[in-house]
1. List the helices (runs of 4 or more DSSP H) that sit entirely inside region 202-319 and contain at least 3 residues that are at negative phi and among the hydrophobic types (A, V, I, L, M, F, W, C).
2. Yes or no: residue 204 at pLDDT 95 or above, open to solvent by less than 10 Å² (accessible area, probe 1.4 Å) and not small (Gly, Ala, Ser)?
3. So the check is Cβ under 6 Å with 6+ separation or different chains; which pairs have a first residue in region 46-67 that's among the charged types (D, E, K, R) and a second one that's assigned to a loop (DSSP other than H, G, I, E, B)?
4. When you look at residue 239, is it surrounded by fewer than 16 Cβ atoms within 10 Å (Cβ to Cβ) and in contact with a Pro (Cβ under 7 Å, 6 or more places away or on another chain), yes or no?
5. Suppose we keep only residues that are part of a helix (DSSP H, G or I) and among the hydrophobic types (A, V, I, L, M, F, W, C) within region 51-110. Which one would you say is surrounded by the most Cβ atoms within 10 Å (Cβ to Cβ)?
6. Confirm whether residue 247 is hydroxyl-bearing (Ser, Thr, Tyr) and open to solvent by 40 Å² or more (accessible area, probe 1.4 Å).
7. I'm checking my understanding of the structure. Among residues of region 177-201 that are surrounded by 13 or more Cβ atoms within 10 Å (Cβ to Cβ) and among the charged types (D, E, K, R), which one is nearest to residue 145 (Cα to Cα)?
8. Which members of region 216-234 meet the condition of being in contact with a Lys or Arg (Cβ under 9 Å, 6 or more places away or on another chain), at pLDDT 95 or above and not hydrophobic (A, V, I, L, M, F, W, C)?
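The values are calculated or read from the model by the stated rules, or taken from the named source; none is laboratory data. Note that the structure is predicted; figures quoted are calculated from it, not measured. Every residue, glycine as well, gets a Cβ built from its backbone with ideal geometry; the counts of neighbours run over all protein chains shown. What goes into the accessible areas is simple: the full protein's heavy atoms, side chains included, and nothing from ligands, DNA or RNA. Shrake-Rupley method; radii C 1.70, N 1.55, O 1.52, S 1.80 Å.
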Amino acid sequence: MIHDSTLGPALGGTRFWNYASDRAALIDCLRLARGMTYKAAVAGLNLGGGKSVIIGDNKTRNREPVFRAHGRHVQAMGGRYITAEDVGTSTGDMEYIKAETDHVTGLIGKSGDPSPVTAFGVYRGIKACAKHRYGTDSLNGKTVAIQGCGHVGYYLAQALHSEGARLTVTDIDPARVQKVVDDFRAQAVKPEEIMGVKADILAPCAMGGIINDDTLPKLKVEIVAGGANNQLAEERHGDELEKKEITYAPDYVINGGGLINVNAELQGWTMERARNKAGEIYDTILMVFDIAAEEKIPSYKAADRLAERRIAAIAKVRQNFV
């Protein structure tokens, strides 16, 4: 699904998930595609936003027919949409898609797994939040609650631990939790407990909609900043975070490292350049907070302002030269 292609071809990963219904899958795809448009815009990339979802069991071993069929659909869009990996998919799955279309990134031997760059961007974004909130970006001694210990969550835990942060973690997969506990001396809690953990920072790194009517009253943190997409179940939940005086890093700003990583493959960048670009998320987050303060609006609205200004400016340039 393509949301917008003002800045360039729509790019967004393929999510493989056992959705409760076709409607739930469609809503998720729409929200994710919009998020990719805004993510590319605030990251300064010449890309639009799109997304694919596949409904089913992402643990299936019979993957080639699924992803080659998906590759045919991507090819039919004639380059207007470029896909990559996402939740429930892998670099190996992208190779199956590659057999049917060239409009795919995140391939083995190229940019590959975007998780390390995504996690680095989230880490830099958390440091920016700390700078905004505390006047210093040091995370030494801060307590961070990480929801989700997949690839991004693991690499984020590694970076935070290296700086001296104390970690509380959870995941629906006990093996993932145990690895983070063993490697980074984290404390584990049950998945249903993480939103009520007393910590300085909550880093959602699992699925979306985690900030909602049920979880908001439980929050005992000063900052929400993590790698998950669509963290606000509804926009009004961003308003509620503002009322509770919780600093919120808009998700599509802080988790833009994955998109930067696959853009590096498209543009022929080195991985060092991609990592440096992801590091710029620090400055973008601070810019969002500046806009929020100037316009007296919540940070999620300020991020939208930043994205929409760039899209409108480029659209005007193109109209002037038609």
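1. Working: elements: 235-243, 251-254, 257-267, 271-279, 281-295.
Qualifying helices (runs of 4 or more DSSP H): 257-267, 271-279, 281-295.
2. Details: at pLDDT 95 or above: yes; open to solvent by less than 10 Å² (accessible area, probe 1.4 Å): yes; not small (Gly, Ala, Ser): yes.
Spelling it out, residue 204 is indeed at pLDDT 95 or above, open to solvent by less than 10 Å² (accessible area, probe 1.4 Å) and not small (Gly, Ala, Ser).
3. Here the result reads 51/1; 51/12; 57/18, each pair linking region 46-67 to a residue that is assigned to a loop (DSSP other than H, G, I, E, B).
4. yes
5. First pass over region 51-110, keeping only residues part of a helix (DSSP H, G or I): 64-76, 91-98.
Pick out the ones that are also among the hydrophobic types (A, V, I, L, M, F, W, C) and you get 66-67, 69, 74, 76, 94, 97.
Details: 66: 18, 67: 26, 69: 13, 74: 23, 76: 11, 94: 25, 97: 30.
The residue in question is 97.
6. Values: hydroxyl-bearing (Ser, Thr, Tyr): yes; open to solvent by 40 Å² or more (accessible area, probe 1.4 Å): no.
Criteria not met by residue 247.
7. So the residue we want is 200.
8. Keep residues of region 216-234 that are in contact with a Lys or Arg (Cβ under 9 Å, 6 or more places away or on another chain), which gives 216, 219-223, 229-230.
With at pLDDT 95 or above added as a condition, the list becomes 216, 219-223.
The answer is 220, 222.
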